[in-house]
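> Below is the structure I would like to discuss, written out as structure tokens.
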């Protein structure tokens, strides 16, 4: 029988990786497909991405602590530990590095929408970097699920 900490590990992993895929590849594209106001769709998607970033930070912290408590220094010799740590680093870079740049460009563009301003190209470039990071984190999340779900 699984312990409560093992159950929380599975829940945290499911919440984080499932949330990444659901928001990034289902909810956000649906917002842009359904809403005629692209600025509104972008703002709502941005809030969802920020939410999953903070969920990811919390889940990553638990997953890393669980691994360290369970395996001690042996956790450092296993791929899942490093995948979680890399995902955490990339999410932190996106949320605390790239998102403030995007927000600043939006604020500088006011009263225009950023995509209708002179900041369009810079915004698009940083948005592209953010999208690539998100894709990498999503793929790493799927890889993490694979490692954790395979029979031992």
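> Can you name the number of the only condition in (1) farther than 24 Å from residue 134 by Cβ; (2) in contact with a helix residue (DSSP H, G or I) (Cβ under 9 Å, 6 or more places away or on another chain); (3) in a helix (DSSP H, G or I) that residue 58 fails?
For residue 58, the exception is condition (1).
> Shifting gears a bit: Among the residues of segment 71-89, is there at least one that is modelled with pLDDT of 95 or more, closer than 24 Å to residue 123 by Cα, touching a helix residue (DSSP H, G or I) at 6+ places or on another chain (Cβ under 6 Å) and in a helix (DSSP H, G or I)?
yes
> Here's a follow-up. Among the candidates 129, 118, which residue alone is assigned to a loop (DSSP other than H, G, I, E, B) and either under 29 Å from residue 6 (Cβ atoms) or out of contact with any strand residue (DSSP E or B) (no Cβ under 9 Å at 6 or more places or on another chain) (or both)?
118
> Can you name every residue in segment 15-36 that is without any contact (Cβ under 8 Å) to a residue 12 or more places away in the chain and surrounded by 12 or more Cβ atoms within 10 Å (Cβ to Cβ)?
Matches in segment 15-36: 18, 22, 29, 30, 35.
> Can you find, within segment 56-100, the residue that is nearest to the chain's Cα centre (by Cα) among those that are loosely packed, with under 14 Cβ neighbours inside 10 Å and under 18 Å from residue 18 (Cα atoms)?
Across segment 56-100, the extreme among qualifying residues is 58.
> Let me ask something additional. Just to be sure I understand, how many residues within segment 123-137 are surrounded by fewer than 19 Cβ atoms within 10 Å (Cβ to Cβ) and closer than 17 Å to residue 46 by Cα?
Total satisfying the criteria: 10.
The values are calculated or read from the model by the stated rules, or taken from the named source; none is laboratory data. Bear in mind the structure is a predicted one, so any value in this text is a computation, not a measurement. For neighbour counting, all protein chains shown are included, and Cβ atoms are generated from backbone atoms with ideal geometry for every residue, glycine included.
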